[in-house]
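*Asks:* Before I ask anything, let me first share the structure, which is written out below as structure tokens.
The values are calculated or read from the model by the stated rules, or taken from the named source; none is laboratory data. Keep in mind it's a predicted model, so treat the numbers as computed, not measured. Here the Cβ is made from the backbone with ideal geometry for all residues, glycine too, and neighbour counts use every protein chain on show. Each accessible area value is taken on the protein alone, full model and side chains, heavy atoms only, with ligands, DNA and RNA left out. Shrake-Rupley method; radii C 1.70, N 1.55, O 1.52, S 1.80 Å.
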Amino acid sequence: MLTGPVLGAVLQLASAPSQLFSPLIPQKVLATFNALPSPVQYPQYTDTTTGKWQYFTPWTWTSGFFPVTGYALNTRKTLCGGTPANGLGVADWLALGRSASTGLIGLDASHGIGHDVGFLSFPFVEELTINPTNATAIAAINRFATDLASRFNVKVGCTRSWNTTDPTDFPVIIDNMINLEVLFRSADLTGNNTLRNIAISHANTTMLNHIRPDGSTWHVVEYNTTTGIVIKKRTQQGYSDTSTWARGQAWGIYGFANMYRLTGDVNYLATSRRLATYFLRNLPADGIVPWDFNAPLTPAPRPADSSAATVAATALLLLARSEPTPAAAKPWSDAAIQILNNITTLAWRPSWQSLLANGTVNMPANNSLTGIVYGDYYYIKAGNDLISMGLAKCT
């Protein structure tokens, strides 16, 4: 739990940024819904000059984020109403989210979706909170969970991330903590507790092997498929094998807080706290989340990652809701609000199709300074969470 001045640059508490509730958000999102290609493709990131969305096939790992954005704005409309001031009354967000999700319904392992089924399941998970008997959503969640469970290795104790040419190499990435909820959802739907046990095993093994003593994380841990022994710890999208990739750290904060929510196991809560404390203690003086905490500042400016910022803010709000007392929750929610303020000041782009710029998709692949669909989704979700927690107003 936070003790002492660990927030660094986020000690100055401010109210949530007004842009979180701007009518530009529904305006932009509606324009993107109306621009979806046929057959459907989904936005993943923008170009770097005009902020125009680039579209990808449904079997891309990010394809669930734009449909679930429709569900997020439906939630926002439920919380705030649809008024001229907030712009939420311009569309039936639930209908738009449902319609856009149809391109994900038939996806399975034959499409090469691999381990990313948890991200793809997001709109169907949201659908079941609205209509728990929706047969299409139930079938999608069960299919995704079955696909993910088929990637589990008992010796390793995890689900496989990427497929490899060497069958003895078994990579696991920190991002996969986000995929585990689909196993719980399917277990609840089917009574198949093996799915729940797989998720717990994956989380426990990740807790053991992905986290350094200082609370930072490795992006990738490679295991031997036949023995389960760790053979390498490295990065794929960070600066180096010994550095801390910021978005991976944010995925970890969220994933372990979510495992606590799903199981009540206090070890997950303690782990989420550790990761969050590292994240906040290592923010630079300007409070802007970098793409990697250990990337050099020179010779070129170290890029930010607006998506890491919004994922982290949402994760900190989930962590705050997990704490047993308001006093324990407050440092996390305060930090989330300050991160949102800092990234909004840097990256809010009214003229772009995305909400935010300054996203780093994959710095080793030279893909940065873009809008990112999951960065925008978590920006909206963070706003919803703040309203639900009584920490912000709709306007």
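*Asks:* Of Val29, Val221, Val266, which has the largest mean-square fluctuation in a 10 Å C-alpha GNM of the chain?
*Replies:* Sorting by GNM fluctuation, first place goes to Val266.
*Asks:* What spacing in nm lies between the two simple spin-label points modelled at Thr168 and Asn197, each 7 Å away from Cα in the Cβ direction?
*Replies:* Distance between label points: 2.9 nm.
*Asks:* Return the whole-Å distance between the Cα centroid of the stretch 281-333 and the Cα centroid of the stretch 225-239.
*Replies:* 25
*Asks:* Using alpha carbons only, how many angstrom separate the centre of the stretch 161-194 from the centre of the stretch 351-382?
*Replies:* First find each Cα centre; the distance between them is then 26 Å.
*Asks:* Using a Gaussian network model of the chain whose springs link C-alpha atoms within less than 10 Å, name the residue from Ala246, Ala365, Ala16 with the highest mean-square fluctuation.
*Replies:* Ala365
*Asks:* Among the Cys residues of the chain, which have no other cysteine Cβ under 4.7 angstrom away?
*Replies:* Cys158
*Asks:* Using only protein heavy atoms and a 1.4 Å probe, report how much of Leu208 is accessible, in Å² to the nearest 10.
*Replies:* 130
*Asks:* Still on this structure: Counting only protein chains, not ligands or nucleic acids, how are Trp251, Trp162 ordered by accessible area (probe 1.4 Å), most first? Display every interim value, and only then the final one.
*Replies:* Numbers: Trp251 0, Trp162 75 Å².
Correct descending sequence by accessible area is Trp162, Trp251.
*Asks:* Please report the relative contact order for the chain, taking Cα pairs under 8 Å with a sequence separation of at least 6, and give it as a percent rounded to a whole number.
*Replies:* On the way: 774 pairs, mean separation 82.5, N = 395.
Relative contact order, the chain: 21 percent.
*Asks:* How high is the relative contact order of the stretch 96-247, given as a whole-number percent (alpha carbon pairs under 8 Å, six or more residues apart)?
*Replies:* Values: 233 pairs, mean separation 30.2, N = 152.
Computed value for the stretch 96-247: 20 percent relative contact order.
*Asks:* Quick one: Debye curve from the alpha-carbon atoms of the chain only, equal weights, vacuum; give me log10 I(q)/I(0) at q = 0.09, 0.11, 0.12 Å⁻¹ to two decimals.
*Replies:* -0.48, -0.75, -0.91
*Asks:* While we're looking at this one, here's another question. What is the Rg over Rh value, at two decimals, for the stretch 45-120, using alpha-carbon atoms and the Kirkwood definition of Rh?
*Replies:* Values: Rg = 14.8 Å, Rh = 14.0 Å.
That ratio equals 1.06.
*Asks:* Separate question: Could you give the dipole magnitude of the stretch 18-389 about its Cα centre, charging the beta-carbon of Lys and Arg +1 and that of Asp and Glu -1, in debye to the nearest 20?
*Replies:* Values: 25 positive and 23 negative charges, 58 e Å.
I would put it at about 280 debye.
*Asks:* Compare the peptides 126-136, 235-245 by average per-residue count of other Cβ atoms within 10 angstrom and give them in order, highest first. Provide the component values of the computation, followed by the final result.
*Replies:* Details: 126-136: 14.2, 235-245: 19.6.
Per-residue Cβ counts within 10 Å, averaged per peptide and sorted highest first, yield 235-245, 126-136.
*Asks:* Taking a quarter of the surface of the convex hull around the Cα atoms of the stretch 206-332, what do you get in nm²? Before the final figure, lay out the partial values.
*Replies:* Values: hull surface 34.4 nm².
Mean orientational projected area (the stretch 206-332, Cα hull): 8.6 nm².
*Asks:* Local charge sum around Ile200 (other residues, Cβ-Cβ under 13 Å, Lys/Arg +1, Asp/Glu -1)?
*Replies:* Values: positive: Arg196; negative: Glu181, Asp265.
Local charge sum for Ile200: -1.
*Asks:* Where the eigenvalues come from the Cα gyration tensor of the stretch 105-158, what are the semi-axes √(5λ) of the equivalent ellipsoid, largest first, in whole Å? Mind showing how you got there, number by number?
*Replies:* Numbers: eigenvalues 101, 29, 15 Å².
One finds semi-axes of 23, 12, 9 Å for the stretch 105-158.
*Asks:* Excluding same-chain pairs closer than 8 in sequence, count the lysine pairs in the stretch 18-389 whose Cα atoms lie under 21 Å apart. Intermediate results must be reported in sequence, preceding the final value.
*Replies:* Values: Lys28/Lys52; Lys28/Lys77; Lys28/Lys381; Lys77/Lys381; Lys155/Lys232; Lys155/Lys233; Lys330/Lys381.
Lysine pairs meeting both conditions in the stretch 18-389 amount to 7.
*Asks:* Which of Ala91, Ala137, Ala300 ends up with the largest GNM mean-square fluctuation for the chain, with Cα atoms connected below 10 Å?
*Replies:* Ala300
*Asks:* Continuing with this model, one more query. Which whole-angstrom value gives the distance between the alpha carbon centres of the stretch 13-62 and the stretch 70-117?
*Replies:* 12
*Asks:* For Cα pairs less than 8 Å apart in space and 6+ apart in sequence, what is the mean separation divided by the residue count of the stretch 307-357, i.e. the relative contact order in percent? Numbers along the way, then the final one.
*Replies:* Details: 39 pairs, mean separation 16.1, N = 51.
For the stretch 307-357, the relative contact order is 32 percent.
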